[in-house]
Amino acid sequence: MVRAVTPNLDSIDVEEVRRSFANIDDMVYLNTGTEGLAPRPVLDKLIELTTYCETKGQASIDVSRALIETARERVAQFLGVESSTIGFAENATEAVNWVASSLDFNPGDEVLLSLNEHPAMNFPWTYQRNLGRVSLNWFEISSDPDETLANIRDGITTRTRLIALSHVERHQGRRVPAKRICELAADAGVLVLLDGAQALGQFPVDLGDLNVDFYAGNGHKWLCGPRGTGIFYAKSERLPLLTQRHVGVGSTETPFDWDRAGGPTLRQAARRFEYGTRDRATLGAMDATIDWIEGLGFDAIQSRMAALAAIARNRANERGWHVSSPACWEAGSALVSFQVPGADGFALRKYLAEERNTWISHNFAGEVRVSTHYFNTVEEIDYAFEEMDFYLKQRRAA
Ligand SMILES: Cc1ncc(COP(=O)(O)O)c(C=O)c1O
């Protein structure tokens, strides 16, 4: 059961918080769903560690390797799991690919995939299907969590091996009932892979409590961490199901002591996918990323995000524009999509970015999507809507 959140704009001292985001007052940034912004402490840590690693060469290795392990501990703790279950990928897409390309399939096995996925989830699975490794079956994510669950139940067959879907769907920001999906799957003897790229940083995610088998995410959207911080989770008893395609010195516990003719003995930990040198400075900065979030407090973050998302929905509703995102925070998120009658979402997004330095997104349905993170203000939302009004007025006059 998702805990109810009380929307509250005052849960965060936004003026104070915004002082930590460079450039934030030079633009109207309502697009964390695409790319997040890093606050000053994260940026400072990233620059400090990058300078250290890139100027000290091998002399930095022991320290910087320890930084990754600290980051792994922090991320694992943040997600309610053991650090041995966390691997660092380049991005969420890579983490999904690690599962899709590595899971051993039997002939006839099916993956039940949602029709609402980002290419990050769609492409790895359609590619594996095209390679002839697995069949696909499809279901639709609904705004109604019960309906999503029913759609999944209807899609499971005796051949289903894994269910793959977003924890928060990227266009309308629909949040799926992840724990109930994992329960349903476990009862059916089916694995679950969740793509949490739009979930991590919007609300607390406890992977242990979800009892999910595999999870992919990233640090660079709602967590406000650096790019290059993909997060891969494999439940420890599921790791042996993955026969990875790439291996290297990072895959083994004994980098200096190996059997030249026999090949590597793989670690019994998710980091066995980190086969070669990683960007240790970037990953090290995840420590500061989690410090920052914990400093603000997740209850406060969520309360403000829920309040801002409600205001964005209201502004669209007041204009009679159809809002396709769920009205309730617990079934939705801070991704708010709506149709602007008389405007194509792509053209409107482009106009706002190029002419008004105002950043939102668009989707395939011709809608626009506004992301309201805790650092956004009501004034920014109002400005974006007024500029949309202006765009429409101009078009009508033309
Ligand atoms: C649901 C979802 N999954 C994955 C991604 C891609 O994440 P990454 O760039 O970390 O691979 C996105 C990006 O927008 C997304 O919305």
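The values are calculated or read from the model by the stated rules, or taken from the named source; none is laboratory data. These numbers come from a predicted model, not from an experiment. With ideal geometry, Cβ positions are generated from the backbone for all residues, glycine too; neighbour counts draw on all protein chains shown. Remember, those area values only see protein heavy atoms, side chains included, never the ligands or the DNA or RNA. Shrake-Rupley method; radii C 1.70, N 1.55, O 1.52, S 1.80 Å.
In this structure the range 258-398 gives 42 Å² per residue of accessible area when probed at 1.4 Å with all protein chains present.
For the range 1-145, dividing the convex hull volume of the Cα atoms by the residue count gives 217 Å³ per residue.
Max-minus-min Cα coordinates of the chain on each principal axis give 75, 55, 40 Å, with the largest extent listed first.
Long hydrophobic helices in the chain, taken as whole DSSP H segments with a C-alpha length of 18 Å or more on their own axis and mean Kyte-Doolittle hydropathy at least 0.0: 61-78. A straight line joining the Cα centroids of the range 110-158 and the range 200-276 runs 23 Å.
Using the Cβ-Cβ distance between E73 and A22 with R0 = 30 Å, the FRET efficiency computed as 1/(1 + (r/R0)^6) comes to roughly 0.60. Near the amide H of L113, within less than 5 Å, lie the amide hydrogens of N137, W138, F139, A164, all on another chain or at least 5 residues away, with H placed in the peptide plane. For the modelled label position 7 Å from the Cα of H246 along Cα-to-Cβ, which residues of the range 87-109 have backbone nitrogen atoms closer than 17 Å? It comes to 87-103, nothing else. All Cα-Cα separations within the range 219-319 were binned at 5 Å from zero, giving a P(r) of 2, 10, 14, 14, 14, 13, 10, 8, 6, 4, 3, 2, 1, 0, 0, each value a whole percent of the pairs.
Using the Cβ-Cβ distance between E82 and L9 with R0 = 51 Å, the FRET efficiency computed as 1/(1 + (r/R0)^6) comes to roughly 0.85. Ranked by the mean number of other Cβ atoms within 10 Å of their residues, highest first, the peptides 215-224, 306-315, 233-242 fall in the order 215-224, 306-315, 233-242. Charged side chains reduced to their Cβ positions (Lys and Arg at +1, Asp and Glu at -1) give the chain a dipole of some 800 debye around its Cα centre. Only residues of the range 343-382 count here: report those whose backbone N is under 16 Å from the spot 7 Å along Cα→Cβ of Q394, or say none. In the range 343-382, the label zone of Q394 (backbone N under 16 Å from the point 7 Å along Cα→Cβ) covers 343-360. Compared with the direct C-alpha span, the chain from E237 to F105 gains 45.8 nm at full extension, assuming 0.36 nm per residue. By the Stokes-Einstein formula, at 1.567 mPa s and 4 °C, the range 136-242 with its Kirkwood radius over alpha-carbon pairs has D equal to 91 µm²/s. For the chain, the 222 nm mean residue ellipticity estimated from helices alone, with every DSSP H stretch of n ≥ 4 adding -39500 (n - 2.57) and the total spread over all residues, rounds to -12500 deg cm²/dmol. Enumerate the residues in the range 96-140 having an amide nitrogen under 14 Å from the point lying 7 Å beyond the Cα of D154 toward its Cβ. Output list for this probe position: 115, 138-140. Spin-label model, D291/Q268: points 7 Å from Cα along the beta carbon direction are separated by 3.4 nm.
Between E330 and N130, the contour length at 0.36 nm per residue exceeds the Cα-Cα span by 68.4 nm.
The Rg/Rh ratio of the range 96-177, with Rg taken over Cα atoms and Rh as the Kirkwood radius over Cα pairs, comes to 0.96.
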